[in-house]
Structure formats: C-alpha cells, structure tokens
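Undergrad: If you scroll down you'll find the structure; I have some questions about it.
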Amino acid sequence: MNSLSLLIDLSQFRLSHAALIHTRSKHVIYLRKQVIWFGSSISNEICLKTFNDYQTCQYVSERHACLYYDRKRNLFELLNYSEYGTIVNGLRYGLGNLSDTESDDD
C-alpha cells in the first residue's frame, strides 16, 4: 500500500467512481458525477485556483478540461478544452507539440 492510498476515506470512495489526489497538497477529491469540469473559474466542479498555494501551473484556462466517466465501459475520458493543453502524469493532452522552450513542469 503506498502513502497516497492511506489518504483515501473508504466510505467516501465506495460512493464514488474514483478519487483524485493532488500530490503536493494531498487533497483528495471524490468523483461522484459523470462529467467533471476543471479550470480557473469557480463555476467548475474543481476550481484549480484553490491549489495556487502549491505552485500550480500558471497556464490554466477558465474552462480547462472535462473528465467524463463512461459507466457502460467503466472508463474515464479526458477532454482538453484549453489552448495550452493538459498534462496528466507526464502525458500531454491537446493539439500540437511542446516546443523545445516549453517545460513539462508547466
């Protein structure tokens, strides 16, 4: 069992499709909806501005990305709506390629 799995409340997790864990703050978000919006606007289910104390990326759009849960196939799909793209676990989702001057840390 890794240290991040110790953060999960099993009673909350059983009611959810999945749990997202912010690796710097250790904040756990339980996903219960089929569609979850991320971005800098407070109108999103997950407002990424709340993680600014943990040096989040400065390239976050108001409606940045959507995480869709397909109940039939039991799969998640990430839909990028940002001009900047979205990086998850080192993989970039979006159009185009990173230039040599851009960093994966952003």
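Undergrad: With every protein chain left in place, what is the accessible area of GLU45 in Å² (1.4 Å probe, nearest 10)?
TA: 80 Å²
Undergrad: OK, next. Counting only protein chains, not ligands or nucleic acids, how are ASP9, ASP70 ordered by accessible area (probe 1.4 Å), most first?
TA: Most to least solvent-accessible, the answer reads ASP9, ASP70.
Undergrad: Among CYS57, GLY85, PHE13, whose Cα sits farthest toward the positive end of the charge dipole of segment 6-93 (+1 at Cβ of Lys/Arg, -1 at Cβ of Asp/Glu, about the Cα centre)?
TA: Towards the positive end, the residue furthest out is PHE13.
Undergrad: Provide the solvent-accessible area of HIS64, counting protein heavy atoms only and rolling a 1.4 Å probe, rounded to the nearest 10 Å².
TA: For HIS64, solvent-accessible area is about 10 Å².
Undergrad: Quantify, in whole percent, the carbon and sulfur part of the accessible surface of segment 32-95 (1.4 Å probe; protein heavy atoms only). Don't jump to the answer; show the numbers that get you there.
TA: Details: 2270 of 4590 Å².
Accessible surface attributable to carbon and sulfur in segment 32-95 totals 49 percent.
Undergrad: Under a plain spin-label model, where a point goes 7 Å from the Cα along Cα-to-Cβ, how far apart in nm are LEU6 and LYS33?
TA: 3.2 nm
Undergrad: Here's a follow-up. Leaving out ligands, DNA and RNA but keeping every protein chain, what accessible area does TYR30 have, in Å² rounded to the nearest 10, with a 1.4 Å probe?
TA: 50 Å²
Undergrad: Using a 1.4 Å probe, what is the accessible area per residue for segment 6-93, in Å²?
TA: Working: 6140 Å² over 88 residues.
Normalised by residue count, the accessible surface of segment 6-93 is 70 Å².
Undergrad: Let me know the shape class of segment 6-93, please: from the alpha-carbon gyration tensor, a ≥ b ≥ c as square roots of the eigenvalues, rounded when a/c is under 1.5, otherwise prolate if a/b is greater than b/c, or oblate.
TA: Judged from the Cα gyration tensor, segment 6-93 comes out oblate (a/c at least 1.5, b/c at or above a/b).
Undergrad: Net charge near ILE42: determine it from the other residues with C-beta under 15 Å of the C-beta of ILE42, scoring Lys and Arg +1 and Asp and Glu -1.
TA: Result for the neighbourhood of ILE42: 0.
The values are calculated or read from the model by the stated rules, or taken from the named source; none is laboratory data. Keep in mind that what you see is a predicted model, and the values were worked out from it rather than measured. Every residue, glycine as well, gets a Cβ built from its backbone with ideal geometry; the counts of neighbours run over all protein chains shown. Note: areas computed on protein heavy atoms with side chains; ligands, DNA, RNA excluded. Shrake-Rupley method; radii C 1.70, N 1.55, O 1.52, S 1.80 Å.
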